[in-house]
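The values are calculated or read from the model by the stated rules, or taken from the named source; none is laboratory data. Keep in mind that what you see is a predicted model, and the values were worked out from it rather than measured. Glycine gets a Cβ as well: all are built from the backbone with ideal geometry, and neighbour counts include every protein chain shown. Ligands, DNA and RNA are stripped out before the accessible areas are found, and what is left, the full protein with its side chains, is counted by its heavy atoms. Shrake-Rupley method; radii C 1.70, N 1.55, O 1.52, S 1.80 Å.
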Amino acid sequence: MWAIRLLNGKKAGKVCPLKEGSNILGRGPEATIKIASSGVSKTHAKFHISGDKIIVSDMNSRNGTFINGVRIQNQRVHIGDKIALHDVIIEILNLPNAAVSPMVSPNQGVPMVQGNAAVQMNPQMMQQMQANPQMMQQQMGMPQYQQMEDDEEETERAPTSIRSWDDVMYYVHKYIDDVAMPGVYRLVELFEFKFVMLGFVIAFIFLVTFLSVIPMSQMTKENIQKESQRRALTIATNLALFNRGIVNDRSGFTAETRMAEREEGVEKAFIVSAKNSGAIIAPVGISSSYARQPFVAKARKQDDRIVEQITSTKIGAAVPIKVFDSTTGNQTVHSYAVVIYNMDGLAIDFKRTLSLFIQIFIVACLLGSLLYFILYKINTFPYVSLNKQMNVALKEGRDDLEVEYKFPELQNLISNINSSLSRAALAGAAPDNMGDSTTSKEEEAEALVNMMGWGAFAVSAIDERIIYANDAFIDQMLGGAGGIQGQGIESLTDPALQESLKDLIIQLQSGIPQAMNQLPSQGSEMFEITGRTIYGSQEPAYYIFSVVQRDAEEDYG
């Protein structure tokens with residue numbers, strides 16, 4: 001069973017188990033394992049357990065997550081790795097592997113480590129604990145924790161069934177990451193980045209233009225129909241008004257339609273009798289015949305004007321011609337002025353559609369070119385800036401690269417670059433500036449220790465003798481008694497300090513750049529001892545240890 005152990009603070013040595021799946025560390029209520037430290041974010045880091053693998057992911061914390069001294073975003077860790085959440089140092093354990101030994105006899109108890117204590121368990125109890133992590137926590141005095149749900153991520157197992165919106169989004173993201181995007185990434189491997197981006201912008205322009213033409217054509221067609229209907233009704237109204245005077249004048253009655261026929265778009269214009277026969281009154285050439293159009297029959301049933309779309313290109317408009325009936329004393333419909341209007345001259349056709357497409361395409365090209373230029377500059381600027389800063393940093397030995405982009409992935413990259421530059425400068429400074437001789441290294445160690453404003457001393461990596469200790473360390477840890485320069489660490493009178501230094505040296509010899517231990521003292525004070533390795537040309541030259549006093553009431557649990 002995977003677990004973590006706190007290495008500093010009041011809870012140093014405390015072990016917390018990790019459940020299969022996601023475990024969130026932080027000081028907020030959302031955290032699976034709560035760590036009370038002001039430098040730790042509410043949701044600082046995620047530990048994802050998948051069988052024999054454990055992956056640590058930083059959750060965009062303010063102060064970052066470090067594995068063996070290197071800031072990370074997402075990285076697999078192993079047993080013994082040291083993880084720093086700001087000022088809280090933890091290490092990875094695997095309790096079943098550490099607690100169960102193949103050499104244990106069936107009836108022999110198995111010791112399980114809990115800080116400095118041990119709990120004796122027989123094999124039956126061990127099997128129960130492996131099946132029930134809650135029981136393990138109770139036996140070992142570990143804090144209980146609630147199973148916390150978290151957003152599905154790439155490292156998590158796929159849900160067995162779709163039960164919520166989160167499950168749907170998991171499969172959507174998985175499809176995009178595993179199926180859709182690899183082909184896009186391949187394009188950038190085959191062609192220059194700027195050409196790939198240009199291709200997407202061009203495709204976007206064509207797609208937007210095509211999709212814009214369809215609704216624009218429909219809107220234009222509807223507007224033409226409305227305008228044509230209004231015009232046809234106006235012509236029919238004018239025709240009715242013109243013939244109304246002729247109808248009222250009984251002498252020499254001859255209806256007239258030529259004034260409507262001369263209007264552009266008018267296909268037919270005639271006067272139809274309102275009587276049962278519905279005979280055509282005008283024009284004279286077709287008088288006494290009958291209008292067979294369904295629209296005319298529909299119009300003769302109305303007492304008011306009417307206009308409607310007969311076909312996709314033809315519009316019918318009819319206006320009643322009313323006269324005064326002396327018998328009833330009311331206005332009665334004598335006949336109807338009918339206009340058949342053809343909107344072919346105004347209707348949108350292929351040429352107009354093509355013209356509209358070209359206009360929209362030209363505008364989209366202009367805006368797309370501007371969009372491409374801006375996107376390309378936004379994407380390339382941080383890399384150009386980093387390149388320039390890298391050139392200066394490599395020449396001057398600096399590690400302060402920065403780009404003020406609010407882009408977490410880029411900021412993580414810059415942090416890693418700065419960390420690499422710092423470590424490279426530290427490893428390469430001594431050979432370039434001071435040589436590899438033992439004397440120069442010891443002088444360098446003495447200078448570094450004296451520069452520190454707190455207790456510090458240097459120990460040779462070759463023979464583990466104390467090279468130099470500053471006055472702050474001598475006063476703080478040795479009570480003012482000096483004379484330890486050139487002596488081994490066994491010359492230190494405090495046994496706890498000796499054991500702590502031996503443990504730190506073993507950790508540093510394993511290859512990690514920094515290690516930390518705690519040294520309790522009398523009263524409410526506690527000391528943190530931090531060791532760092534300083535390299536020569538290739539091998540470690542000496543270790544620098546610093547001692548900082550902490551308040552023992554600090555709580556990391």
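In table form, for the structure just shown:
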item: Mean projection area, nm², convex hull over Cα of region 286-332; result: 4.4
item: Members of 10/441; 395/441; 46/174; 194/351; 46/194 lying beyond 29 Å, as alpha-carbon distances in this model show; result: 10/441; 194/351; 46/194
item: Computed FRET value (nearest 0.05) for residue 344 with residue 167, which takes r as the C-beta separation and R₀ as 41 Å; result: 0.15
item: Residue-normalised accessible area of region 270-409, expressed per residue, 1.4 Å probe, Å²; result: 64
item: Accessible surface of region 330-424 [probe 1.4 Å, protein heavy atoms]: carbon and sulfur percent; result: 63
item: 454, 2, reordered so the largest accessible area comes first (probe 1.4 Å); result: 454, 2
item: Accessible heavy-atom area order of 187, 497, 233, 367, highest first, probe of 1.4 Å; result: 367, 187, 233, 497
item: Computed E for residue 50/residue 220 - FRET, C-beta separation, R0 51 angstrom, nearest 0.05; result: 0.30
item: Theoretical gain in end-to-end length, residue 398 to residue 549 [0.36 nm per residue, Cα-Cα removed]; result: 51.3 nm
item: Residue 200 versus residue 292: modelled label distance in nm, points set 7 Å from Cα along the beta carbon direction; result: 6.4
item: Förster-model FRET efficiency, 60 Å R0, residue 309 and residue 189, C-beta, rounded to 0.05; result: 0.60
item: Proximal lysines to residue 268, defined as alpha-carbon separation beneath 19 angstrom and excluding residues fewer than eight positions away on the same chain; result: 298, 314
item: Size of charge dipole - region 165-255 - debye, nearest 20, with Cβ of Lys, Arg +1 and Asp, Glu -1, no other charges; result: 920
item: In nm, spacing of pseudo-spin labels at residue 323 and residue 264 (7 Å Cα→C-beta vector); result: 3.6
item: Accessible area of residue 303 in the full protein assembly, 1.4 Å probe (Å², nearest 10); result: 110
item: GluC sites (Glu not before Pro) lying in DSSP loop within region 157-236, provided at most 16 other Cβ fall within 10 Å; result: 192
item: GluC sites (Glu not before Pro) within region 319-411: DSSP coil, no more than 10 neighbouring Cβ in 10 Å; result: 404
item: Relative contact order computed over region 172-324 (Cα-Cα under 8 Å; 6+ residues apart), in percent; result: 20
item: Distance in nm between pseudo-label sites at residue 238 and residue 38 (7 Å out along the Cβ direction from Cα); result: 8.7
item: Of 14/34; 34/406; 14/82, pairs whose Cα-Cα distance is over 20 Å; result: 34/406
item: Cα-based Rg of region 6-45 normalised by 2.2 N^0.38 Å, two decimals; result: 1.15
